[in-house]
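Right, one structure below, let's go through it.
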């Protein structure tokens, strides 16, 4: 068990809490931040538990990695299934951009509903 130190603010004793060093060095991307916000809004107990244990950012970073891998895989699979190729990009760049953006939007929705919000 760790020793907890306190500081006095008026008549209250407030614990001096700090993140473990490994937590302080983790930077979250869009998927990790989405997941953190989801936990804060919808899973308050889990959020508080992970935060208190110093594991919140590590957990969100793991979700970040899973979500990014899933997104990349989905985009590539959808592009292949829908014949969105480099040839199309050379022949009709605007069509290629529209179709890739459509694929990315659908992949983003799938990832949000299966990983970032669980």
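Readers should treat all values here as calculations from the given coordinates under stated rules, not as data from a laboratory. The structure presented is a predicted model; accordingly, all values stated were derived computationally and were not measured. Cβ sites come from the backbone with ideal geometry, for glycine too, and all protein chains shown count toward neighbours.
So the label point goes 7 Å from the Cα of residue 81 along Cα→C-beta, right? Which residues of the range 92-118 then have their backbone N under 15 Å from it?
Flagged as within label range: 100, 102-111.
Normalised by the residues of the range 27-116, what does the relative contact order come to in percent, with Cα pairs under 8 Å and at least six apart? List each step's numbers first, then the result.
On the way: 63 pairs, mean separation 31.2, N = 90.
Dividing the mean separation by the residue count of the range 27-116 yields 35 percent.
Using 0.36 nm per residue, how much length does the chain from residue 113 to residue 65 gain when fully extended, once their Cα-Cα distance is taken away?
Numbers: separation 48, 0.36 × 48 = 17.28 nm, distance 1.56 nm.
Length gained, residue 113 through residue 65: 15.7 nm.
If you average the C-alpha positions of the range 38-69 and of the range 71-118 separately, how far apart do those two centres end up, in angstrom?
Each part's Cα centre sits 27 Å from the other's.
Looking at the chain from every direction and averaging, what is the projected area of its Cα convex hull in nm²? Walk me through the intermediate numbers first.
Values: hull surface 42.3 nm².
Spelled out: convex hull of the Cα atoms, projected over all directions, averaged, 10.6 nm².
For the residues 59, 35, 117, 42, what sequence is obtained by ranking on other C-beta atoms within 10 Å, fewest first? Numbers along the way, then the final one.
On the way: 59 19, 35 26, 117 16, 42 10.
Lowest count first: 42, 117, 59, 35.
Assuming R0 = 22 Å, can you tell me the calculated FRET efficiency for the pair residue 44 and residue 106, based on Cβ-Cβ distance, to the nearest 0.05? It would help to have the intermediate numbers written out before the result.
Values: r = 31 Å, r/R0 = 1.39.
With a Förster radius of 22 Å, E is 0.10.
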